[in-house]
Amino acid sequence: MFEHIERVPGDAILGLIEAYKQDDNPRKVDLGVGVYRDDEGNTPVLAAVKRAEKRLEESEETKSYIGSHGDERYTNAIARLVLGEDSSALEANRISVTQSPGGTGALRLAADFIATSLPGRAIWLSQPTWPNHPAVFGAAGLELKHYPYVNADNRLDFDAMLAALNEVPAGDVVLLHACCHNPTGFDLDTDQWQQVLEVVKNRQLLPLIDFAYQGFGDGLEEDARGVRLFVESLDEVLVTSSCSKNFGLYRERTGALMIAAANEKQMLDVRSQIAITARENYSTPPSHGAAVVGEILTDDELTTLWLKELAQMRDRINGLRSDFVEALRPHGLAERFAFIGEQRGMFSYTGLDADQVKRLRDEFSIYMVGSGRANVAGLSANSLDYVAEAIASVVR
Ligand code: PMP
């Protein structure tokens, strides 16, 4: 029965990890994989997480199932973290929160919800976007459409984005990145969020905001400005959030789907559908990561420690951005790459083409994704000058 089944190429980034591992050049640099790294190239478990895990080990009394919507201590805490302590939408009881297996699980819940409860609506994705966005929404059977996001000079093209959104048919879904846009690193400022909000209102679109990097851009509160503006101003919004990066819980699969509805009744109606979607996919979510986040966010001491560690990760990335632009200065490239200092989050769309990316890999053992996306967190004080020199040599 399996004879006709074709082998498909594996994930390009996983291929990159393998090639990097095999490379015996001592100067090799991995700017490919999308995880945070410290100056030694490690992705350590946060101290706040370790402490929370110790406590849970002592206090956990059962491994029985948690419900389809997950652990309430976690869902309450994550909703306040994302929507703000003073969220009037939370106060009005019009937000449903469902714990999910990572941000990806939340996206799939959202996709299935749209496919079953709001059939016939296309989803509009930024061009470019995280490659798993079209994969997840496509797998759920949604029609995929694209709006422009960067121009040929590798800068945010807000005018083109807004013009395209102005043409989207009423009722369609628009996916927006809350902050730290993956892959480009270009984010909307407050005024631009406001303008997108006006279009969404005028054209009666359903926004889905993917929030995978809260705290990695300008700060926990600052990064949430678009999400909070939308949730407070609109009756209906979907938000997917992830604790993979900001709590370093990648493999524990910890995320949430939040849905704002016009009122409590509609919220509960929608919520009942999400419980079914969760059951059909994986029944109930994994417990551990959410228990850890719940423990941290409900304890002042652990919260303070976590905030400090999160700020360290953010400051390291933003510091590397400006240091990298400085490292390019002696090569006369600081102006050309100044945008790296303005982008936010782990990723930078460098504007390097596939040939240049290939040369970096073949000649210098510097690995990044073919699109020219670099994980800034993969740089270190030791590799900055080497990478700057290599880039200077491939762009000449
Ligand atoms: N959205 C975006 C834009 C992402 O970059 C990621 C992680 N790479 C996710 C969602 C999902 O992350 P996870 O499933 O690991 O929580």
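Where a number appears in this text, it was derived from the coordinates with a stated rule and is not lab data. Every value quoted in this text rests on a predicted model; they were computed, and no experiment measured them. Positions of Cβ are generated from backbone atoms using ideal geometry, with glycine treated the same way; all protein chains shown enter the neighbour counts.
Averaging Cα coordinates gives a centre for the stretch 72-123 and one for the stretch 356-390; these two points are 37 Å apart. Note on the chain: GNM, Cα springs under 10 Å; of ILE13, ILE340, ILE317, the largest mean-square fluctuation is that of ILE13. Taking 7 Å steps out from each Cα toward its Cβ at ALA311 and SER88 produces label points 3.1 nm apart.
Taking each DSSP H run with n ≥ 4 as -39500 (n - 2.57) and averaging over every residue of the chain yields -14000 deg cm²/dmol at 222 nm. Potential lengthening of the chain between ASN382 and GLU335 amounts to 14.7 nm, from the contour at 0.36 nm per residue minus the alpha-carbon distance. Estimated translational diffusion coefficient (Stokes-Einstein, Kirkwood radius over Cα pairs, 4 °C, 1.567 mPa s) of the chain: 59 µm² per second.
Lysine pair count for the chain (Cα-Cα distance under 17 Å; residues 8 or more apart in sequence or on different chains): 6.
Can you tell me how much longer the chain between ALA170 and ASN42 gets when fully stretched, taken as 0.36 nm per residue apart minus their C-alpha distance, in nm with one decimal?
41.5 nm
The HN-Hα couplings worked out from phi for the stretch 225-233 by the Karplus form 6.51 cos²θ - 1.76 cosθ + 1.60 (θ = phi - 60°) are 4, x, 4, 5, 4, 5, 5, 6, 9 Hz, whole numbers, x standing for Gly and Pro.
Just want the ordering: ILE209, ILE17, from fewest to most Cβ atoms lying within 10 Å of their own Cβ. Can you show the working numbers first?
Numbers: ILE209 22, ILE17 14.
Result, fewest neighbours first: ILE17, ILE209.
Direction-averaged projected area, Cα convex hull, the stretch 65-298: 11.5 nm², rounded to one decimal. Ordering PRO128, ALA19, ASN166 by Cα displacement along the dipole of the chain toward the positive end leaves ALA19 in first place; charges were set at the Cβ atoms of Lys, Arg (+1) and Asp, Glu (-1).
What is the distance in Å between the Cα centroid of the stretch 334-348 and that of the stretch 159-237? If we compute the Cα centre of each part, the gap is 21 Å.
Which ordering of SER371, SER88 is given by a fewest-first count of other beta-carbon atoms within 10 Å?
Details: SER371 17, SER88 11.
Ranked by crowding around the Cβ, least crowded first: SER88, SER371.
As a test, work out the antiparallel percent of DSSP beta bridges whose residues both lie in the stretch 65-298, rounded to the nearest 5.
Numbers: 13 of 29 bridges.
In the stretch 65-298, DSSP labels about 45 percent of beta bridges as antiparallel.
Counting only DSSP beta bridges whose two residues both lie in the chain, roughly 45 percent are antiparallel.
Rounded to the nearest 20 debye, what is the charge dipole size of the stretch 65-298 about its Cα centre when +1 sits on each Lys and Arg Cβ and -1 on each Asp and Glu Cβ? Display every interim value, and only then the final one.
Values: 17 positive and 29 negative charges, 150 e Å.
Charge dipole of the stretch 65-298: 720 debye, to the nearest 20.
Candidates VAL357, ILE340, LEU205 compared by Cα position along the dipole of the chain: farthest toward the positive end lies VAL357, with charges placed on Cβ.
Take TYR147, TYR386 and order them by how many other Cβ atoms sit within 10 Å, fewest up front. Please list the in-between numbers first.
Values: TYR147 22, TYR386 18.
Ordered by Cβ neighbours within 10 Å, fewest first: TYR386, TYR147.
Note on MET1/THR303: beta-carbon distance plugged into 1/(1 + (r/R0)^6) with R0 of 56 Å gives a FRET efficiency of 0.55.
Taking the alpha-carbon centroid of each part, what is the distance from the stretch 242-319 to the stretch 13-33 in angstrom? Their Cα centres are 31 Å away from one another.
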